[in-house]
Every structure is written in C-alpha cells, then in structure tokens.
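The values are calculated or read from the model by the stated rules, or taken from the named source; none is laboratory data. Given the structure is predicted, the values throughout are model-derived calculations rather than measurements. Reconstructed Cβ throughout: ideal geometry from the backbone, glycine too, with neighbour counts over all protein chains shown. When the accessible area is computed, the model is the full protein with side chains, heavy atoms only, and any ligands, DNA or RNA have been set aside. Shrake-Rupley method; radii C 1.70, N 1.55, O 1.52, S 1.80 Å.
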Amino acid sequence: PTMGEPSFDNKVYASTFSHANEKASAGFYSVKLDKHNIDVRLTTSTRVGFHEYTFNKAGQANIILDLNHRDKLLEGEIRFVDSKTIEVLRRSEAWARNQYVYARIEFNTPLLINSKKGKNKPENLLTGEEVAISLSKQVQKGEKILVKVSLSPTSYEGAKLNSSEIKHWNFDKVHQDAIALWNKELSKIEVTSNDKDKLAIFYTALYHTMMQPNIAQDLDGKYRGRDNQIHVAEGFDYYTVFSLWDTFRGAHPLYTLIDKKRTADYINTFIKQYEQGGRLPVWELASNETDCMIGYHSVSVIADAMVKGIKG
C-alpha cells in the first residue's frame with residue numbers, strides 16, 4: 001500500500017518502519033509504514049492471506065502489485081476479473097527451479113487500474129517477464145482497504161476454490177480463528193513455569209517447529225506433482241518444504257510423538273514424489289528437488305515412523 005503518485009521502483013514504493021510499531025503473534029502481524037502513515041494488519045487461514053490497510057491521511061491510496069520483487073520471474077500474468085478481483089500467475093526460478101504460484105486477489109472495494117507494466121493483450125490480461133500493476137482509489141482519513149489473497153500451486157480454478165476458506169470480510173474473526181488453530185496445535189505439549197521468559201522461549205520454539213512443512217494442495221486435493229503434472233491426493237494431505245537435512249534429527253522425531261497424522265501425510269507425500277519424480281525427496285521445495293545438502297534422510301523419517309508403529 002502507498003499514497004500519492006504510484007511507482008514501480010521498489011526504492012520508491014518501499015517504506016521505512018520502526019520495530020517499536022511492530023506486533024507479531026501466532027497467526028498475526030502488524031506494522032506502521034512510516035512513509036505514508038499506513039497501518040497494516042495481516043492474518044491468515046490455511047490458504048488465504050487477509051490484509052487490512054488503514055490510510056491515516058486522505059488522498060489517493062494505491063495497492064502496488066509487483067511480480068519482479070524477489071526471485072527471477074520466468075513468467076508473469078495478471079488477469080483483471082472485475083473492479084474488485086484480479087488473478088495472478090507467478091512462475092519463478094531460484095532455489096526451486098520452476099515454482100508455480102497462482103493467486104486470486106479480492107478487494108472489499110472497487111479499485112481503478114492506475115498504471116501497469118507488461119504486455120497487454122488482450123485488454124484484461126498483462127503478461128511478460130516484467131509485470132506490475134497499481135490499483136488506486138481516493139480515500140478519506142482513516143479509511144481501510146481489505147484484501148484477501150488466495151493461493152494455489154495448481155491453477156486459477158484452484159485459487160478460486162481455495163478463496164472459499166474465508167467467505168466474509170471480518171478481519172478479527174479470521175484472526176480469532178487463526179489464534180484458535182494455533183492454540184490447538186501448541187497445546188499438544190503443556191509446560192508449566194513461573195518464569196514467563198522460559199514459557200515464551202519454549203512455545204516460540206514449538207511454534208517454529210510448526211512453520212513447515214506447508215500444505216501444498218487445493219481444497220479438493222489437487223496438487224502439482226514432481227512430474228509437474230496435476231494429481232489428486234486421496235486419503236492424505238500433500239505437503240511441501242522438506243528440508244530433510246535440517247529436520248530428520250529433531251523435528252521429524254518430534255512429529256512422530258505429537259503429530260502422527262501429519263507424519264503419515266509427510267511420508268505419503270514422499271512416496272508420491274518417488275512415484276512421480278523417480279526419487280524420495282532430498283530437499284524438496286514447491287514440487288522441485290533442489291538437491292541441497294547431502295544424504296537421503298527421508299529414509300530415516302520413514303524408518304522412524306515404521307519403528308514407532310505409525311500406520312497409513
């Protein structure tokens with residue numbers, strides 16, 4: 001979010017901020033962007049990010065969508081569905097050599113296309129290796145723009161289906177649902193202490209063990225396999241981000257104790273990756289084998305689960 005004349009120069013649209021104006025907790029982040037005095041709150045469901053931007057000054061508010069902000073863009077698309085909805089394909093190359101992200105981005109208010117960068121054909125489609133768009137509206141002081149960003153690894157249809165996870169525009173309800181989900185997960189281990197710092201350290205560490213692996217399938221079970229084809233997961237959930245060199249010693253043995261269901265899901269994911277890619281994962285990311293680090297640690301994860309009697 002910016003104000004005034006929009007720009008696609010990231011040194012211009014970026015903003016400074018102070019750590020004093022940040023808040024972070026499980027399922028929530030907020031910050032004040034100093035440049036244009038914009039308050040940002042972010043929360044999420046499994047597949048949909050929910051943004052709230054509060055513009056503390058009146059004037060022209062912009063939402064900048066820049067597909068060239070990070071790793072190398074191989075192929076970008078922005079589709080204009082209507083004045084409140086756009087769809088995005090971002091195919092990129094970095095650690096994962098061919099990473100697909102489809103998104104459906106919905107706004108709670110109509111926005112006008114202010115400027116754009118990319119090949120514009122037909123009128124409602126922008127494509128290319130450099131793609132960006134600015135969406136704008138005049139706002140009053142204190143006005144909010146809400147944004148829902150639904151992600152899919154498979155398709156625009158998958159992103160549209162996944163957007164049904166959040167059917168309303170109540171930020172606080174989504175935040176409360178995220179808190180409830182995290183409390184359920186973090187209560188799998190209960191510790192007591194009079195030292196609040198020790199409790200904070202313990203539960204922060206437990207939270208970190210649950211950041212990855214990530215769900216990598218649509219609500220109907222469709223996922224992008226290691227053969228880059230679309231498959232349907234039947235009887236398990238398909239995951240991604242298996243940094244197994246990092247996780248086989250401590251994280252995965254912990255999951256066998258506190259999360260048997262996901263452990264079975266992870267191993268079923270391994271097996272599908274073997275069937276569709278010819279090899280168990282070494283360091284898998286976004287349906288790509290990155291071949292980072294040494295060893296074949298998925299074998300250890302499978303054997304550990306078998307020895308502990310985890311079924312399925």
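Structure summary
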read-out: Area accessible to solvent at TRP182, 1.4 Å probe radius, in Å²; value: 50 Å²
read-out: Value at 222 nm in deg cm²/dmol, rounded to 500, when DSSP H runs of n ≥ 4 in the chain each add -39,500 (n - 2.57); value: -7500 deg cm²/dmol
read-out: Loop-resident sites, region 154-219, for GluC sites (Glu not before Pro), counting at most 10 other Cβ within 10 Å (DSSP); value: GLU190
read-out: Among 129-135, 203-209, the order from most to least packed when residues are scored by Cβ within 10 Å on average; value: 129-135, 203-209
read-out: GLN60-GLN176 pseudo-label distance in nm [points 7 Å out on the Cα-to-Cβ vector]; value: 3.9 nm
read-out: Using alpha carbons only: equivalent-ellipsoid semi-axes of region 242-298, gyration tensor based, whole Å; value: 19, 14, 8
read-out: Highest to lowest packing among 61-71, 15-25, scored as the average C-beta count within 10 Å; value: 61-71, 15-25
read-out: Accessible area in the full protein assembly, largest first, 1.4 Å probe, for MET211, MET3, MET306; value: MET306, MET211, MET3
read-out: Region 107-176, accessible area per residue, ligands and nucleic acids excluded (1.4 Å, Å²); value: 52 Å²
read-out: Sequence-separation-based contact order of region 126-252, relative, with Cα cut under 8 Å and 6+ spacing, percent; value: 22 percent
read-out: Accessible carbon and sulfur surface of the chain relative to its total accessible area, %, 1.4 Å; value: 55 percent
read-out: Globularity index of the chain, i.e. its alpha-carbon radius of gyration over 2.2 N^0.38 Å; value: 1.08
read-out: Over the chain, relative contact order from alpha-carbon pairs under 8 Å, at least 6 apart, %; value: 15 percent
read-out: Net charge contributed by nearby residues that have their C-beta within less than 14 Å of ASP82 (K/R +1, D/E -1); value: +1
read-out: Contour excess over end-to-end distance, with Cα ends at VAL307 and HIS69 and 0.36 nm allotted per residue; value: 81.1 nm
read-out: Solvent exposure of region 233-312 as accessible area per residue, Å², 1.4 Å probe; value: 47 Å²
